[in-house]
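Input: a single structure, listed below in structure tokens.
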Amino acid sequence: RNEKSILARLMSTENIEVRHTKVSTAMFDNHKRVLYLPVWKEMNSEVYDLFVCHEVGHALYTPNEGWHNAVCEEGEAFKGYLNVIEDVRIERKIKLKYPGARSQMYKGYRVLVHELDFFGLKKHELKVNEMNFIDRINIHYKSGASEGVEFNENELDIIDRLDNIEEWDEVVEIANLIFDQDKETMEQQQSESEEEDPQGSFDFNIPMTGQQQAE
């Protein structure tokens, strides 16, 4: 644990605080500059390195004020969309800054997704290509091409943008674009549903990975 703490501080180029504690997954508190790493009974070294690299990416590249403002403006549901797109950006940048991270992160995700079923794909018998767009983006960029994630022509335009994403403003723009499209679809489904059931309530579908990691 001490070695990983030192590694995180070196990679982040600052003396961030690293805490090993009972949390469900790794998290980085952008305001307090604290990296939380989970204490699991069995912690694969590649998964450990993945967590460190990912959260250091948030430490280096996620703007605290920008993140806070974007979440506040759009509400709780938007947070999941923003987080997925920001994950794509910070992981791309951390791999460019530290090329050796690419292999460890790939191996770590293979263990998380397939051996530990971290996203619950096996448990809930989820079919990747029946998921909504934001979740397919998440699986595609975290688990790799081997998952066979499919995108339509319009979605591929956004994937092309994500492959080259650089700035925080792009994260907000793309997250808003997908969020607005999903909201419009859900509102249309709600309207059709209410014709049959006036008491029906509108439940916005938060992405499965909607937990905020960069608070």
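The values are calculated or read from the model by the stated rules, or taken from the named source; none is laboratory data. The structure presented is a predicted model; accordingly, all values stated were derived computationally and were not measured. Don't worry about glycine lacking a Cβ; one is built from the backbone with ideal geometry, like all the others, and counts go over all protein chains shown. Note: accessible area is taken over every heavy atom of the protein model, side chains too, but ligands, DNA and RNA are not part of it. Shrake-Rupley method; radii C 1.70, N 1.55, O 1.52, S 1.80 Å.
Tabulated data
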quantity: In sequence order, calculated HN-Hα J values of the range 115-121 (Karplus, 6.51, -1.76, 1.60; Hz; x Gly/Pro); calculated: 7, 9, 6, 4, 8, x, 5
quantity: Lysine pair count for the chain [Cα-Cα under 20 Å; pairs on different chains or 8 or more apart]; calculated: 23
quantity: For the range 1-41, alpha-carbon Rg over 2.2 N^0.38 Å; calculated: 1.10
quantity: Segment GLU147-LYS183, extension gain: residue separation times 0.36 nm, minus the distance between their alpha carbons; calculated: 10.3 nm
quantity: Semi-axes of the equivalent ellipsoid for the range 25-123, Cα gyration tensor, largest first, Å; calculated: 23, 17, 13
quantity: Length released on extending from LEU156 to ASP117, taking residue separation times 0.36 nm less the Cα-Cα span; calculated: 11.4 nm
quantity: Rounded to the nearest 20 debye, dipole of the range 33-144 from Cβ charges on Lys, Arg, Asp, Glu; calculated: 460 debye
quantity: Three-way shape call for the range 23-75 based on the alpha-carbon gyration tensor, with the a/c threshold at 1.5; calculated: prolate
quantity: Euclidean distance of C-alpha centroids, the range 65-101 and the range 134-179, integer Å; calculated: 12 Å
quantity: Solvent-accessible heavy-atom area per residue, rounded to whole Å², over the chain at 1.4 Å; calculated: 54 Å²
quantity: Rg and Dmax of the chain, Cα atoms only, in Å; calculated: 17.9, 60
quantity: Loop-located trypsin sites (Lys or Arg not before Pro) in the range 43-95, at most 11 other Cβ atoms within 10 Å (DSSP); calculated: none
quantity: Coil-residue GluC sites (Glu not before Pro) of the range 80-132, DSSP, other Cβ within 10 Å capped at 14; calculated: GLU125
quantity: Three-way shape call for the range 79-180 based on the alpha-carbon gyration tensor, with the a/c threshold at 1.5; calculated: oblate
quantity: Angle in degrees between helix 64-74 and the longest Cα principal axis of the chain, rounded to the nearest 10; calculated: 10 degrees
quantity: For the range 86-126: rounded, prolate or oblate by the Cα gyration tensor [a/c cutoff 1.5]; calculated: oblate
